[in-house]
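First the structure, in the form of structure tokens, and then the observations on it.
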Amino acid sequence: MSETDTPATPSDWWPRMSDEAANAEARRIINDLYRPAPPPAPIPTSYRDTTESPSVGDAQPVWQDDHRIVPAWAAGTAIASIGIGAGTTGIGCGVWLVLKGFASMSVTGVICMGVLLSGVAFAALSIGAAFSRAKRSVSKAVYTGAVTKNTHVTTHTRGTFARSHTHLHN
């Protein structure tokens, strides 16, 4: 067989072994794979420099315990700042979208937007009136005793078209 020829079978590539030698080699490979390995050396997680500081210059560092506790007012201020920033961003995006929509509106769009805004205003007015009337209906005065109401009604009918005017006198 020459150097340019490729072998036809794997047995031509490998040297021939007896069955006993092949079994011994397989046993050695399997034992090497399943042999427990020694634990790896611990990896250092810190380093202390033990060299002396110079006698002239900066002083030795002094250990200072780290007790960082954020006061409640500081945490509240931070959370409020984040909320205000997010809210302002949302409102700004909303205003931008509305103004961009107004810039590209047709007459029909303007009318629809007017109907929408007047609907929102009407709803706010209705809710405000309901609250106002609910507050007004609560009576804080308590009367004990008889109540008499005298009502006198006067009606006048005058004029060419006979209009009536009714006056209620208490």
Simple spin-label estimate for THR45/ILE111, 7 Å along Cα→Cβ, in nm, reads 7.4
How far apart, in nm, are two points set 7 Å out from the Cα along the Cα-to-Cβ line at ILE127 and at ALA75? 3.3
Mind checking which of LEU33, PRO44, SER55 is farthest towards the positive end of the stretch 29-89's charge dipole, using Cβ charges of +1 (Lys, Arg) and -1 (Asp, Glu) about the Cα centre? LEU33
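Each value in this text was obtained by applying a stated rule to the coordinates, not by laboratory testing. Not measured: the values here are computed from a predicted model. Every residue, glycine as well, gets a Cβ built from its backbone with ideal geometry; the counts of neighbours run over all protein chains shown.
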